[in-house]
Amino acid sequence: MSKQSKTVVLTGASRGIGHATVMRFSQEGWRIITCSRDAVPEACQRDPNWAIHIPTDLADENSVKAFIEQANDVIGDAPLNALVNNAAISPKTPFKERLGCLNGDIDGWRKVYDLNLFAPIMLCRGFAAALGRGAKAEGASVVNITSIAGHAIHPFAGSAYSTSKSALSALTRELAVEFADLGVRVNAVAPGEIETEMIGEEYEPLINRIPMHRMGTPDEVAGCVYQLCSPDFGYVTGTEIFVTGGQHVY
């Protein structure tokens, strides 16, 4: 890995879209710094581009601060070229239902918002200086992973998750304006039905609502995230790209 390698910080890296995104950036030769609630993935230990993985509870403010400090120590005075806010939760109540307006406790809602909204705010603040250095070097971007559920009622998402993702979409636009002064672009990717470990048989009927008549893959989302961080999208900021197979147009 050359000294000129670009660097990306990515949350929620151990599986699904996050892991696929790590693999895409690694294929492109980027240095990768990640975190998730899980321990160091085996792939991290084998990948020479995967510089460090830091187990972190992004719903805990002190844990987020510790991750920012450790990651910035790894980055040092070098530029940071991308921050991907991918980690999110959609917990169930003791009754096995997603958190809605009329079920579950408010503390559950707070935990969802702490991880899905406030953690991205803290991370953007914590890495702003490093991203600013990246912008002056070869460019820098923030990509927030939102959701189709943040724009329309989804049968399996739950109100807490859906509204947190809607808030993250709004945050993306606000960040795009504020971070423009640093030269940093901020965009979002909103996946639809993506084949990950979270998908069960109950999702099959939703395929009929997808114009492309199939679910997407984590690699397809990862490719979109990567391209938003490339020079080809150098004049794109404040945008949310739907990776839904056309489902969002209904």
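Data for the structure
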read-out: Subset tally (residues that are of a type in the set (V, I, T) and touching a Pro at 6+ places or on another chain (Cβ under 8 Å)) for region 147-173; value: 1
read-out: Filter result for V112 (part of a helix (DSSP H, G or I), buried (at least 17 other Cβ atoms within 10 Å of the Cβ) and not basic (K, R)); value: yes
read-out: Failed criterion for Y226 (all others in (1) touching a Ser or Thr at 6+ places or on another chain (Cβ under 9 Å); (2) under 20 Å from P91 (Cβ atoms) hold); value: (2)
read-out: Residue that is nearest to R98 (Cα to Cα) [pool: residues in region 164-198 that are among the β-branched types (V, I, T) and at pLDDT 95 or above]; value: V189
read-out: Options R209, R214; residue that is out of contact with any strand residue (DSSP E or B) (no Cβ under 8 Å at 6 or more places or on another chain), without any contact (Cβ under 8 Å) to a residue 40 or more places away in the chain and charged (D, E, K, R); value: R214
read-out: Residue within region 70-84 that is among the polar types (S, T, N, Q), part of a helix (DSSP H, G or I) and over 17 Å from A140 (Cβ atoms) present; value: yes
read-out: A66 of a type outside the set (V, I, T), at pLDDT below 95 and farther than 28 Å from I148 by Cβ; value: no
read-out: Single residue of A88, A66 found to be closer than 19 Å to R37 by Cα and surrounded by fewer than 18 Cβ atoms within 10 Å (Cβ to Cβ); value: A66
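Conditions tested, residue by residue: (1) part of a helix (DSSP H, G or I); (2) among the basic types (K, R); (3) under 27 Å from E204 (Cα atoms).
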| site | (1), (2), (3) |
| --- | --- |
| A87 | no, no, yes |
| D107 | yes, no, no |
| N116 | yes, no, yes |
| P120 | yes, no, no |
| S141 | no, no, no |
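The values are calculated or read from the model by the stated rules, or taken from the named source; none is laboratory data. As the structure is a computational prediction, the values presented were derived from the model and not from experiment. Methodologically, a virtual Cβ is constructed for each residue, glycine included, from the backbone with ideal geometry; neighbour enumeration extends over all protein chains shown.
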